[in-house]
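Structure first, commentary second.
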Amino acid sequence: MPKRQQALRNTIDWSHGLLNEAEQKLFRRFSVFIGGCTLEAAEAVCNTGSDLGIDLFDGLTSLVDKSLVQRIDQHEPETRFRMLETIREYALERLVSCEEDAATRRAHAAYCLVLAEEGNPELNPDERAAWLQRCDLEIDNFRSALD
């Protein structure tokens, strides 16, 4: 790799080394989200076995404080969290190396399926509009889950 990429990787590696074990687990698992997610989605995917060892909100807050995750407060009804792509790729490598990728991706796909199924024909027009807006935000996660 070019020196600039080595320096960036070393910086991310150093930051990762400062995380405790529970934060590292959350960091790895969170990497399956493309384009970010809500706190609800992170809870459903990152702590399916209740084995995270940390309160999810506290863990995400810690990752935000350490600049490994970004908090996005847009005009959306819920706060979203996301990783920069370079950091997400690093976290995905860690997820694969810990052999947690298959289980985490299954949990991610299951969450996306539940979200997609919420758009049943019985929704009133306002509920349907809100659901479609949420699906727009999650389109990259839907695509990833399908892969």
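The values are calculated or read from the model by the stated rules, or taken from the named source; none is laboratory data. Bear in mind that the values here come from a model prediction, so they are computed numbers and not experimental data. Cβ: placed from backbone, ideal geometry, glycine included. Neighbour counts: every protein chain shown. What goes into the accessible areas is simple: the full protein's heavy atoms, side chains included, and nothing from ligands, DNA or RNA. Shrake-Rupley method; radii C 1.70, N 1.55, O 1.52, S 1.80 Å.
Please check the chain for the longest run free of GluC sites (Glu not before Pro) that are loop-located per DSSP (anything but H, G, I, E, B) and have at most 10 other Cβ atoms within 10 Å.
Counting at most 10 other Cβ atoms within 10 Å as exposed, the longest clean stretch of the chain is 1-98.
Note down the magnitude of the dipole of the chain about its Cα centre, charges +1 on Lys and Arg C-beta and -1 on Asp and Glu C-beta and zero elsewhere, to the nearest 20 debye.
For the chain, the charge dipole is close to 780 debye.
Quick check: pseudo-label points 7 Å beyond the Cα along Cα→Cβ at Leu8 and Glu99, how many nm apart are they?
It works out to 3.1 nm between the two label points.
Out of residues 5 or more away from Gln70 or on other chains, whose amide H comes under 5 Å of its own, with H placed 1.01 Å from N in the peptide plane?
For Gln70, whose amide H was placed from the backbone, the distant partners under 5 Å are Arg82, Met83, Leu84.
Nearest 500 deg cm²/dmol is fine: what mean residue ellipticity at 222 nm does the chain get from its DSSP H runs of n ≥ 4 alone, each adding -39,500 (n - 2.57), divided by its residue count?
Values: 8 runs with 94 residues, N = 147.
The helix contribution divided over the chain gives -19500 deg cm²/dmol.
Once both axes come from the Cα atoms, what is the angle between helix 3-17 and the longest principal axis of the chain, in degrees from 0 to 90, rounded to 10?
With rounding to tens, the tilt is 80 degrees.
Could you point to the label whose value was computed as Rg/Rh (Cα atoms, Kirkwood Rh) for the structure here, given (i) 0.97; (ii) 1.00; (iii) 1.08?
The value matching this structure is (ii).
Per residue, how much accessible surface does segment 1-118 expose to a 1.4 Å probe? Answer in Å², no decimals.
55
Taking the Cβ-Cβ separation of Ala22 and Arg106 as r and a Förster radius of 22 Å, what is the calculated FRET efficiency to the nearest 0.05?
0.55
For segment 48-123, what class follows from the C-alpha gyration tensor (a ≥ b ≥ c being the square roots of its eigenvalues): rounded when a/c is under 1.5, otherwise prolate if a/b is larger than b/c, else oblate?
It comes out oblate by the Cα gyration axes.
In percent, what relative contact order does the chain have, based on Cα pairs under 8 Å that are 6 or more apart in sequence? Can you show the working numbers first?
On the way: 132 pairs, mean separation 41.3, N = 147.
Computed over the chain, the figure is 28 percent.
Report the extension gain between Leu84 and Ile54 in nm, rounded to one decimal, defined as 0.36 nm multiplied by the number of residues separating them, less their alpha carbon distance.
8.5 nm
Quick one: net charge of Leu115's neighbours, Cβ under 11 Å, K/R +1, D/E -1?
Once all neighbours under 11 Å are counted, the net charge is -3.
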